[in-house]
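What follows is a short report on a single structure.
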Amino acid sequence: MKKTILVLILAVVILLASVGGGVAYLAYQFTNSRPSDVAQDVVYEVTPGKGFTTIAKELEEKGLVKNAAFFNLFARFKGDRSKIKVGEYLLRTNMIPAEVLEAITSGKSIARSFTVSEGLSTYEIAELYEKQGFGTAESFMALVRDPALIQSLLGEKADSLEGYLFPETYMLTKYTDTKTLISNMVKRFLYVYNEVMAQAEIRSMTRNQVVTLASIIEKETGAPEERPLISSVFHNRLAKKMRLQTDPTVIYGKAEALGKIVINITRADLQTPTRYNTYVIYGLPPGPIANPGREAILAAVKPQESQYLFFVSQNDGTHVFSEDYKGHQRAVQKFQLDRKAREGKSWRDLQKRPGTSEKN
């Protein structure tokens, strides 16, 4: 009798060992297997509220794991079922289960670049934001003008965040909301601004005045070497209580009425009073007209020394400078009224030079 029981126990142990060995083998096979030897990219999205069982099933359907049930057990064994994070993930069909699980628990969603060039206004950034499919221009502009958000980011009141959206390339995921982007842009501006102000030679201006002047400098030239000289002209005119008479401010004044930037201006526009039209008002306009980059901000507080009061385009994106009105008139005659001086030239020539950016 004892012998029979012993045989039965031994048989059960052998059976359990066999089953355990089989399970262990299957587990080893699964955890080290790849659905395909071909590395094909697959975008998989974990949406809010999606359960792990559903995720495992969808991963199997997309050819990213061989067996949904085994993947479910594998994740449970590792304690990762509850660690799944909402996001859009780039997976490959030749990943082992551990790599797939690591990806969808990482929270590292696919990111797309959103590049804001120096000198773009909030109107243009909002349009670009919508055009690239990140959100609507309307929602972008609403946040840019939201008093509570402005106060929280700048610590002061302002009509909008114009001038404070630092031009740079930002990486956005499908789940990066508009408010987060705008907040990051302003935080980047504040970092750069504080860095630049450590080099400032002019400290009598408020932050709003610095950014306003920097935005005008940014719009007036795409040639980096000209920014400090352009700045000197405006500082000299301000010191003499002369009107700045800069076209980009007229364009921005029109935008306030139209809700968009329209580049072309007429003689009537120059004479039409707006709070930004520096052909009509004295001093700086009430706020920035675009979002300046680091070098334009630096130029605003560290201008080149000069006696220049005027500048005129040489039709290639650069300018000729004059100390008096008579010299300015000669430059206008030479570069603007002489048709031959304009033939074959364009401000777009600057784009062929390294380190320059397009200006309106």
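In table form, for the structure just shown:
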| quantity | calculated |
| --- | --- |
| Filtered residues of segment 118-136 (kept if among the aliphatic types (A, V, I, L, M) and more than 15 Å from ASP177 (Cβ to Cβ)) | LEU120, ILE125, LEU128 |
| Check on THR4, modelled with pLDDT of 95 or more and not small (Gly, Ala, Ser) | no |
| Among the residues listed as MET205, MET242, MET185, the single one being touching a residue at least 60 places away in the same chain (Cβ under 8 Å) and open to solvent by 40 Å² or more (accessible area, probe 1.4 Å) | MET242 |
| Residue within segment 141-162 that is open to solvent by 50 Å² or more (accessible area, probe 1.4 Å), under 30 Å from VAL42 (Cα atoms) and out of contact with any Gly (no Cβ under 8 Å at 6 or more places or on another chain) present | no |
| Yes/no for ILE251 being part of a helix (DSSP H, G or I), more than 27 Å from SER139 (Cβ to Cβ) and either in contact with a Lys or Arg (Cβ under 6 Å, 6 or more places away or on another chain) or open to solvent by less than 50 Å² (accessible area, probe 1.4 Å) (or both) | no |
| Residue satisfying all of: in segment 94-128; more than 27 Å from PRO167 (Cβ to Cβ), open to solvent by 20 Å² or more (accessible area, probe 1.4 Å) and not hydrophobic (A, V, I, L, M, F, W, C); modelled with the lowest pLDDT among these | GLY107 |
| Listing of helices (runs of 4 or more DSSP H) fully contained in segment 58-138 that carry 1 or more residues being in contact (Cβ under 8 Å) with a residue 24 or more places away in the chain and over 21 Å from the mean Cα position of the chain (by Cα) | 68-78, 97-106 |
| Pair list, Cβ < 7 Å and 6+ apart or interchain, from segment 263-282 residues that are more than 22 Å from GLY119 (Cβ to Cβ) and open to solvent by 80 Å² or more (accessible area, probe 1.4 Å) to residues that are in a loop (DSSP other than H, G, I, E, B) and at pLDDT 95 or above | PRO273/VAL280; TYR282/LYS241; TYR282/ARG243 |
| Residues of segment 224-239 satisfying the condition of being in contact (Cβ under 8 Å) with a residue 24 or more places away in the chain, surrounded by fewer than 20 Cβ atoms within 10 Å (Cβ to Cβ) and of a type in the set (A, V, I, L, M, F, W, C) | LEU238 |
| Hey, PRO273 within 27 Å of LEU128 (Cβ to Cβ) and not in a helix (DSSP H, G or I) or not | no |
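Let's see how each residue does on (1) modelled with pLDDT of 95 or more; (2) under 24 Å from ILE110 (Cα atoms):
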position: GLY21; (1), (2): no, no
position: TYR28; (1), (2): no, no
position: ARG34; (1), (2): no, yes
position: LYS57; (1), (2): yes, yes
position: LYS62; (1), (2): yes, yes
position: ASN67; (1), (2): no, no
position: ARG81; (1), (2): no, yes
position: ARG92; (1), (2): yes, yes
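The values are calculated or read from the model by the stated rules, or taken from the named source; none is laboratory data. Treat the numbers as computed from the prediction; the structure is a model and nothing was measured. Neighbour counts run over all protein chains shown; Cβ positions are idealised from the backbone, glycine included. Keep in mind that these areas ignore ligands, DNA and RNA; they rest on the heavy atoms of the full protein, side chains included. Shrake-Rupley method; radii C 1.70, N 1.55, O 1.52, S 1.80 Å.
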